[in-house]
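Before any comments, here is the structure.
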Amino acid sequence: MNIIDFYALINGLKLTIIMAFFAASGAIIFGSILAVMRNYGTKNIGRIFGYLSGTYIEIFRNTPLLLWMYAACFVLPSVLGIPANYAVLGTVGLFLYTSSVMAEIIRGGLNSIPKGQFEAASSQGFSFPFTLWYIIFPQCYRKVTPTILSQCVTTIKDTSFLAALNVAELTNASKDILSRLSSFEDIISIFATVAGLYFIVCFSLSLAVRFYAHKKSVQ
């Protein structure tokens with residue numbers, strides 16, 4: 001493997017990390033909103049929001065990720081009249097899918113918080129939004145941070161689906177290089193390099209998860 005091929009893989013890795021970062025960050029925010037809507041949608045309009053969020057979560061969690069990447073890349077440009085930038089639109093599809101997973105992770109954290117904390121906060125004059133922001137969410141996120149970080153690792157690996165749309169992320173960069181190679185040794189070196197790059201990034205996050213979990217267990 002020459003320096004040009006290695007540079008192409010590094011550029012692919014950069015795009016992979018950027019797409020995963022935006023998809024995962026947006027999914028945590030939107031997933032939190034979905035989790036609140038599904039968990040605390042009760043009466044009248046609140047119940048409608050609960051049904052809508054539940055429907056969204058179940059649809060996206062039970063359909064293939066690649067389907068939503070295709071939908072984002074081929075449907076959104078026609079509907080919204082925007083440029084067909086597959087890297088951006090594929091990230092949107094990944095964000096929409098990952099949001100449903102994050103929502104269920106965060107909802108699990110919300111369900112672990114005793115209901116009496118809402119009553120205690122209400123007795124102190126806290127409104128529902130302030131109770132969520134200052135009391136419930138801090139506890140919830142501390143509980144689910146390891147699971148959220150694990151899902152971020154999965155999101156990094158899920159960017160490889162965008163190779164099917166010819167987005168120049170790491171997997172697709174390796175595919176382009178492999179199409180020009182004939183030597184078995186060169187092919188193996190590309191596979192080893194790509195696997196090593198994914199491993200370094202994902203294992204680093206996995207170590208962060210383990211460190212956080214260990215730190216939490218000794219507190």
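Can you work out the FRET efficiency for the pair Asn62 and Ile82, with r the C-beta to C-beta distance and R0 = 30 Å, to the nearest 0.05?
Computed FRET efficiency for Asn62 and Ile82 comes out at 0.60.
Kindly state, as a whole number, the per residue volume in cubic angstrom of the convex hull around the alpha carbon atoms of region 27-133.
Once divided by residue count, the hull of region 27-133 is 115 Å³.
First measure r as the distance between the Cβ atoms of Tyr40 and Ile17, then evaluate 1/(1 + (r/R0)^6) with R0 = 25 Å and state the FRET efficiency to the nearest 0.05.
Efficiency computed from Cβ-Cβ geometry: 0.15.
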ask   = Considering only the other residues whose Cβ falls under 14 Å of the Cβ of Leu165, what net charge follows from Lys and Arg at +1 and Asp and Glu at -1?
value = -2
task = Please report how many Lys pairs in the chain have alpha carbons closer than 29 angstrom, counting only residues at least 8 apart along the chain or sitting on separate chains.
result = 13
key: Accessible surface of the chain, 1.4 Å probe, proportion on carbon and sulfur as whole %   = 68 percent
query = Given charges of +1 on the Cβ of Lys and Arg and -1 on the Cβ of Asp and Glu, with all other atoms neutral, how large is the dipole of the chain about its Cα centre, in debye to the nearest 20?
reply = 860 debye
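Within the chain, which is the longest segment containing none of the trypsin sites (Lys or Arg not before Pro) that sit in a DSSP loop and have at most 13 other Cβ atoms within 10 Å?
Segment 44-114 is the longest.
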Length-normalised contact order for the chain - Cα pairs under 8 Å, 6+ apart - percent = 27 percent
key: MRE, 222 nm, helices only [DSSP H, n ≥ 4, -39500 (n - 2.57), over the chain, to nearest 500]   = -27000 deg cm²/dmol
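Per residue, what accessible area does region 1-118 have, given a 1.4 Å probe and all protein chains present, in Å²? Could you put the intermediate results ahead of the total?
Details: 6110 Å² over 118 residues.
Accessible area per residue, region 1-118: 52 Å².
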query = Counting Lys and Arg as +1 and Asp and Glu as -1, what is the net charge of the other residues whose Cβ lies under 12 Å from the Cβ of Gly90?
reply = -2
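The values are calculated or read from the model by the stated rules, or taken from the named source; none is laboratory data. Given the structure is predicted, the values throughout are model-derived calculations rather than measurements. Using ideal geometry, Cβ is built from the backbone for each residue, glycine included, and neighbour counts are taken over all protein chains shown. Note: areas computed on protein heavy atoms with side chains; ligands, DNA, RNA excluded. Shrake-Rupley method; radii C 1.70, N 1.55, O 1.52, S 1.80 Å.
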